[in-house]
Structure formats: structure tokens, C-alpha cells
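Visitor: I'd like to ask some things about the structure below.
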Amino acid sequence: MPDHQATNALINETSPYLLQHAHNPVNWYPWSEEAFSLAYKDNKLIIVSIGYSTCHWCHVMEKESFTDEKISEFMNQHFICIKVDREERPDVDAEYMNFVQALTGSGGWPLNIVVLSDKKPVYGGTYFPPEKWMEFLEYMISIKNNNPSLLYSQSEDIVKSLKNIIRIPSAKTKTEITQSNIHNFTNRIISASDKINGGMRGAPKFPMPLVYDYLLHYHFHSKSKDVKEVLLSTLLNMASGGIYDHPGGGFFRYSTDHKWFLPHFEKMLYDNALLIDLYSKAYQHFEIDHFLNIAIQSGEFVIRELLSADNEFFTALDADSEGIEGKFYVWSYKELQHLIKKDFEIFCEVFQIEEHGNWMDGNNILYKKKNLQNTISKYEISPGYMEELLRYWKKNLLSARNSRVRPSLDNKVIVSLNALAIKAFIALFKASGVEKYLKLARKNASYIKDNMLAGEVELYRINDGKKTIKAFLDDYAYYISALIELFQVSQNQSYLSQANKLAEHVMNEFSIENSTLLSFTTNQSAPIIARNTETSDNVMPSSNSVMAKNLFFLGIFLDKRDYIIKAREMTNSIFPDAIRNPAFFANWGTLFLHFYSSPVEIDITGIHSDEIIKTMQKKYLPNAIYSWHGHRINEFAKTEQKTNVTLCRDRVCGLPIYDAETAVAEIINYKAFVDI
């Protein structure tokens, strides 16, 4: 056991990030009224430092500044110091991030803010080298001692400006979703795309799975060659790049370069859940086996490394091990030569291995060639033998890597992230037909219901037996979305009933007066600066976009016209912003498509319905939903003894169809767009 010379109040926390700082000489407090009261009593400024456990630069700043005795002594003497895990308290993180971005023009983590005892921010930034951090702290104390009124006036001015910037759209906005503006929305994404390497132009490159989920849906309707080119380039380049963990499966956080070569090595549940979903759908749409293999390998990574024995999903794996970023994942040439005993020369060509390393310090990142046909021809081997080699190499490397010191695990269990995993494994089940993935999704949903829900509607974001944090809008929205997916894949009405009860609770508790949008926090929560309405989709979908889609689908399933009207009003509110910057409103974009072209409702009845359901669910049908509305099936269908499929749209149903292939063809052949 290490001999810790210091212990602070974080020792009683459960967050891995907070516990990482529990033995700093800085006298950290968790976010609590106790800390703010103490600051008021002692007339001290407050440092709020926000990060997360797998954040590399958070680790760097801790090592450089928060373990430094001189810096820590100054912080303890002059400040009350608070540590926040942004994944536990995204509400706090969002408000202070808005402040720092408005102040400096940029943001990120670690996020460091000086605030007053009323929680209002004064100044802030992100990563500070130790000498700059000390200068910053001394400057803030100098102002406090010599001109304290400046702190209060500056805080008031910035907060007023922020309140004006944080515009909540009114309920009166009206827009029309037309074929023309959907095409314009799409073309703006395509024009910003990297046609050669995939993804968006420039670096760093983030996967942005929601953008490509939207483009898949659009391509289903349009068959646009430009959209297909961007989709295939992105999906193939990411799966070949260093951003993908070739031996172990799963994707790293992002690529620092424009070719997907050099990743930032942390592995997040949310990235992998969304990418499993994307690659599963891409396989269904394009019927490219490689996409299904990537989805399965990534799913198996999540099961192997992020799933507990209680069927709960953990949050992330760190980028660092033994204090070095990426050490767990990279290889020296000699090490590879020792491990790869079979066709080592071919291995080096396939993964672009160099004797002196293709990265720093003589290390190699596995960076797979996209097209192996030239290698197959050069070495006169068959495609089947190449596949055999790839399996052999990956198995050997994964086995060898398992003996290394592992990156640390962030074992928080967060409802919103688990809900993303539920949807991912449903998508993987539909693409692969492997039942264990659906069973896992159901078990995780049961875990949330049994452990994270008080009564029928009081959801917790975190409930680890020692600490509880009430759910935010993203937790509710993502979980409702997962329940809707479970209902569609299982026909179990209890999922739909639970989703509806939670949606009604959201409407009551998260609504904003004179706005169609929903607050990230409940009506009982007092904001630091202003109520935050999360509308922009980034790597993860915004809570408002997910909730709008939930209301749209629940409105169809439950014949609740008011839900559909609410979803349309929410869409209207953000539409002007979305058209201007579509890459950050991609999840909204899929809802635009549904509003422009109403989804086909599928109902299947009869003794062989399970077989037809499984066949149809293997197909990518983004314009269709499984409604299981017995009361909407026409009278002829009800009297037929055969298993039949009934397709309905806008409350009008067609004649029964007696086989899955014909039903799928009819759905696929429906053109939402008149002309492209």
C-alpha cells in the first residue's frame, strides 16, 4: 500500500476521478454547500477544477501543480478548492464551460474557474502549466486584496452578457421542412467532409457518429453518390486507422491527425456504443461484412472490459498506463518480431510497421492498410488465408497485451451511457442475429429499472449505494429512447408503458416557461448563471434532440397527437440554427427526415410472426417503425389465418403482405424525395 502523506475530503467520494485527487496536498472538497459556506465564512475565493478520470491533461495538471507542495500550500492558504467530475455533474460543467468559452473563445478539460461564494464565476481557463497557474492564482489574490470590487463587477458583467448569449428560443418560431432545405442541410455536411480520409476536414478528427447516422438515413432515401462516398470513406478509414484498436476491438476517443493515425488513447463507453450502432446499421445498409466484424469486435470489447457481473456498463478506460499515454496499446519492432511468428513480413506490410517505429520512442501504432488486395497479390496468398492471418495476429497480440499493466477503469455507472449501450446491443442483435446481444440489452434495462429508479419516474443518474445524484435530462431522454427500441424489438408493452410514464414526468419537471425546449435540469434546480437548454448534437446527441424524437415516436405508438405537436415545436425552435451548422444538429436531422416523410408502421401477426420479424429486422429500414398496433390493422388482415405483415402510413394501411421479402421491398422502394 502506498504511504500517502496527505488525505482530503475527496476520500469519501466514489468517483474514480475525485479519488485520484484524494491524496493531493491540495485540500480539495467535493461540490457541496459546505465548501461554499466555508468560503463565505472565511471570505475566500473558490477554485472549481473540473475534469474526468480518463482525461490525459487532467492527469498532467495534477502531477505538475496539484501535487506540488508550494503551489498546494498557496491554494490552501488563499482559496477553498473544489473538484468536480464532469460526468457526475454535467450541469455544473456546462455552465462553467459556457463561461470560459465566452471569456476565452475556447474550452476543454481540465476546466479551472475562480468563483465567488455565490458560485458566480470571475475568471477561468483550461490547462495551465505550473508556472502560469501560480501566476494566475497570485494575480487573482492581488485583485481580491487590492481591488475586490472589481471581482464582483466583472462577475456581474460577464454573467449578464452570458444570460443574453444563452438564448432560449420562444414557442412562436415556425418553420417548414422541405425537400430543398433537407438537401441543403446534407450538402453543407458533404462540403465540409474530407473526401479522401473520411470524417470532417482538418484535425483533430472526432468520429462524430451522429453525422454518419444521419447520412445513412438520407442515403437510404436519396441514393446520393456523394453521400455514399463520404460514408464509405469515413467508415473504412476509421476502421483501418490507429483510432481503432485492432487486437482488442473498440475505438479510441479521437485522432490527433487528419488520417486517423495517432489516437488519443482513452476508450469511452459512449463513443463505442454509438459506433457499434453506426457500424451495425452500415452493415445492414451496404451489406459489407467488414462493417459487421467491426461492430461485433467493438461489442465484444465493451462486454469484456466495460461490463460488470451485475450487467451494468462502466464509463471508460484511461489513456495512460504506468504514467504514459498509449503505453498499453503500442509495440516495439522487436516485441512484434518475437510475438508474430507467422508471416511477420506480411504483418509489417499490413499494419505499416517500421523497424524504428512509426510513432515516437521507437513504438508502432497498428495502422492497417485499407486495401489488402495488393498485399495478397504480392505474396501470392488467398483472401481466405489473409483472413486467417488477421485472426491469428490479433489473437496473439491481445493475449500478449493482457499481461501488461492495464489502464485504469472508470467504474462509474451512469444511466445515460448505459442507455446508449442498450441501443447499441439492440442494433448489433438486429444486424448479426446473435441473441446474446438482445439478452444483454434487456438485462441492462432491468438493472436500471431495479437500481436507478425510485418508484415509477424518479430516475437517478448515479446510485452506487454510497452516493446518489438525481438524473438530468440526458439520463431521462436516453433511457426513454432505449425503452422505445426495446419495445420495438420485443413487442413487450411494459417497455412502452414505462417510456410513456417517464416522458410525462419529463414534460412536467423539465419544461421552461414560454419555450418549447426542455431544461437540462429540473424546475427545482437553481442555475448558477442561467438554465441550460442542451440543443447542439456533438459526439453524443443533445438531450433535447433525443427527447423530441422520443415524443415523436411515442406520439405515433400511443396516438398522442400532443406529443407529436410538441416534437414539431421543439424542431421548429432549433431549425434556423441547424440549417446554419448541420454537423452539430445531426440527430435533429434524422427527425427532420421523419417529419418530411412519415415513417412506415409495421405490424406483424400470425403463428410464424417471430421468423418474419427477425428477417425484417436484419434490414436497414430507417423509415419504418414496429408499432404492433393491432387496432390499426384493417379488417381483412384480422380475419386471415396466415402470418401477415401490414404496412401503415399516416393512419392509412395497405393490404396484408405474406412474406418478409415483399414487405421489405415495399418499404425500401418508397421514395421520400421526388428527385435528387
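The values are calculated or read from the model by the stated rules, or taken from the named source; none is laboratory data. Owing to the predicted nature of the structure, the values given are computational and were not obtained by experimental measurement. Cβ coordinates were reconstructed from backbone atoms using ideal geometry, including for glycine residues, and neighbour counts include every protein chain displayed. Just so you know, the surface numbers come from the protein's heavy atoms only, side chains and all, with ligands and any DNA or RNA stripped out. Shrake-Rupley method; radii C 1.70, N 1.55, O 1.52, S 1.80 Å.
Visitor: Rounded to the nearest 20 Debye, what is the dipole magnitude of segment 163-292 about its Cα centre when Lys and Arg each give +1 and Asp and Glu each give -1 at the C-beta? Write out the running numbers ahead of the final one.
Guide: Working: 15 positive and 12 negative charges, 138 e Å.
The dipole of segment 163-292 has a size of about 660 debye.
Visitor: Note down the net charge around Phe425, summing +1 for each Lys or Arg and -1 for each Asp or Glu among other residues with Cβ under 14 Å from its Cβ.
Guide: Overall, the nearby charge balance is +3.
Visitor: Find the eigenvalues of the gyration tensor of the Cα atoms of segment 313-383, then list the square roots of 5 times those eigenvalues as equivalent ellipsoid semi-axes, largest first, in whole angstrom. Walk me through the intermediate numbers first.
Guide: On the way: eigenvalues 149, 48, 23 Å².
Over the Cα atoms of segment 313-383, the semi-axes work out to 27, 16, 11 Å.
Visitor: How large is Rg/Rh for segment 146-287, to two decimals, with Cα atoms and a Kirkwood Rh? Intermediate values should be presented prior to the final figure.
Guide: On the way: Rg = 20.5 Å, Rh = 17.9 Å.
In segment 146-287, Rg relative to Rh is 1.15.
Visitor: A further question follows. If you count only protein heavy atoms and use a 1.4 Å probe, how large is the accessible surface of Glu504, to the nearest 10 Å²?
Guide: 80
Visitor: What FRET efficiency do you get for Gln352 and Glu435 if R0 is 35 Å and r is their Cβ-Cβ distance, rounded to the nearest 0.05? It would help to have the intermediate numbers written out before the result.
Guide: On the way: r = 38 Å, r/R0 = 1.08.
Once the sixth-power term is evaluated, E becomes 0.40.
Visitor: What distance in nm lies between label points placed 7 Å from Cα along the C-beta direction at Glu33 and Glu229?
Guide: Roughly 6.1 nm, to one decimal.
Visitor: From the Cα gyration tensor of segment 55-163, with a ≥ b ≥ c the square roots of its eigenvalues, which class applies: rounded if a/c is under 1.5, or else prolate if a/b is larger than b/c, or else oblate?
Guide: Values: a/c = 1.80, a/b = 1.11, b/c = 1.62.
It is oblate, given that a/c is not under 1.5 and a/b is not larger than b/c.
Visitor: Starting from the 7 Å offset along Cα-to-Cβ, what nm value, one decimal, do you get for the label separation of Ser332 and Arg649?
Guide: 6.3
Visitor: Where Lys and Arg each count +1 and Asp and Glu each count -1, what net charge lies around Leu150 among other residues with Cβ under 13 Å from its Cβ?
Guide: Working: positive: Lys144; negative: Glu156, Asp157.
My count for the surroundings of Leu150 gives -1.
Visitor: So, with +1 on the Cβ of K and R and -1 on the Cβ of D and E, and no other charges, what is the size of the charge dipole of the chain about its Cα centre, to the nearest 20 debye? The partial results should precede the final answer.
Guide: Working: 71 positive and 81 negative charges, 251 e Å.
With Lys and Arg at +1 and Asp and Glu at -1, about 1200 debye.
Visitor: Let me ask another. To make sure I understand the rule: partners must be lysines, Cα under 27 Å from the Cα of Lys120, and not fewer than 8 residues away in the same chain. Which ones qualify?
Guide: Lys120 reaches Lys41, Lys44, Lys83, Lys132, Lys144, Lys160, Lys163, Lys467, Lys470.
Visitor: Take the eigenvalues of the Cα gyration tensor for the chain, scale each by 5, and report the square roots as semi-axes in whole Å, largest first. Working shown, then result.
Guide: Numbers: eigenvalues 352, 234, 103 Å².
Calculated on Cα positions only, the semi-axes equal 42, 34, 23 Å.
Visitor: For segment 226-378, what value does the Rg/Rh ratio take when both radii are computed over Cα atoms and Rh is the Kirkwood radius, given to two decimals? Can you show the working numbers first?
Guide: Numbers: Rg = 16.0 Å, Rh = 16.4 Å.
Using only Cα positions, Rg/Rh for segment 226-378 is 0.97.
Visitor: Then there is this: For Lys368 and Thr468, what does the FRET efficiency come to when R0 = 51 Å and r is the distance between their Cβ atoms, rounded to the nearest 0.05?
Guide: On the way: r = 44 Å, r/R0 = 0.87.
Efficiency for this residue pair is about 0.70.
Visitor: Among Leu275, His285, Ala421, pick out the residue whose Cα is farthest towards the positive end of the charge dipole of the chain, where Lys and Arg carry +1 and Asp and Glu carry -1 on C-beta, about the Cα centre.
Guide: After comparing all options, I get His285.
Visitor: Quickly estimate the mean residue ellipticity at 222 nm for the chain, helices only: each DSSP H run with n ≥ 4 gives -39500 (n - 2.57), and the total goes over all residues, rounded to 500.
Guide: Working: 26 runs with 339 residues, N = 676.
That comes out to -16000 deg cm²/dmol.
Visitor: Expressed as a whole percentage, what fraction of the accessible surface of segment 297-428 belongs to carbon and sulfur atoms when a 1.4 Å probe is rolled over the protein heavy atoms?
Guide: On the way: 2900 of 5960 Å².
Looking at segment 297-428 in its full context, I get 49 percent from C and S.
Visitor: Next question, about the same structure. Compare the Cα positions of Ile462, Gly362, Ser408 along the charge dipole of segment 362-465 (+1 at Cβ of Lys, Arg; -1 at Cβ of Asp, Glu; about the Cα centre) and return the one farthest towards the positive end.
Guide: Gly362
Visitor: Between rounded, prolate and oblate, where does segment 369-455 land on the alpha carbon gyration tensor, with a ≥ b ≥ c its root eigenvalues, rounded for a/c under 1.5, else prolate if a/b exceeds b/c? Can you show the working numbers first?
Guide: On the way: a/c = 3.60, a/b = 2.00, b/c = 1.80.
Judged from the Cα gyration tensor, segment 369-455 comes out prolate (a/c at least 1.5, a/b above b/c).
Visitor: Determine ³J(HN,Hα), in whole Hz, for all residues of segment 501-513 in sequence, where each value follows from phi through the Karplus function 6.51 cos²θ - 1.76 cosθ + 1.60 and θ = phi - 60°; x replaces Gly and Pro.
Guide: For segment 501-513, the Karplus-derived couplings read 4, 5, 5, 4, 5, 4, 4, 7, 9, 10, 6, 10, 4 Hz, x marking Gly and Pro.
Visitor: Leu339 to Asp577: FRET efficiency via 1/(1 + (r/R0)^6), r the Cβ-Cβ distance, R0 56 Å, to the nearest 0.05?
Guide: E(calc), rounded to 0.05, equals 0.65.
Visitor: If you take all C-alpha pairs in segment 450-565, what percent of them are over 19 Å apart?
Guide: Numbers: 3099 of 6670 pairs.
The proportion of pairs with Cα distances above 19 Å equals 46 percent.
Visitor: Can you work out ³J(HN,Hα) from phi for every residue in segment 70-79, in order, using Karplus 6.51 cos²θ - 1.76 cosθ + 1.60 and θ = phi - 60°, giving whole Hz and x for Gly and Pro?
Guide: Coupling constants for segment 70-79: 5, 5, 4, 4, 5, 4, 5, 6, 10, 9 Hz.
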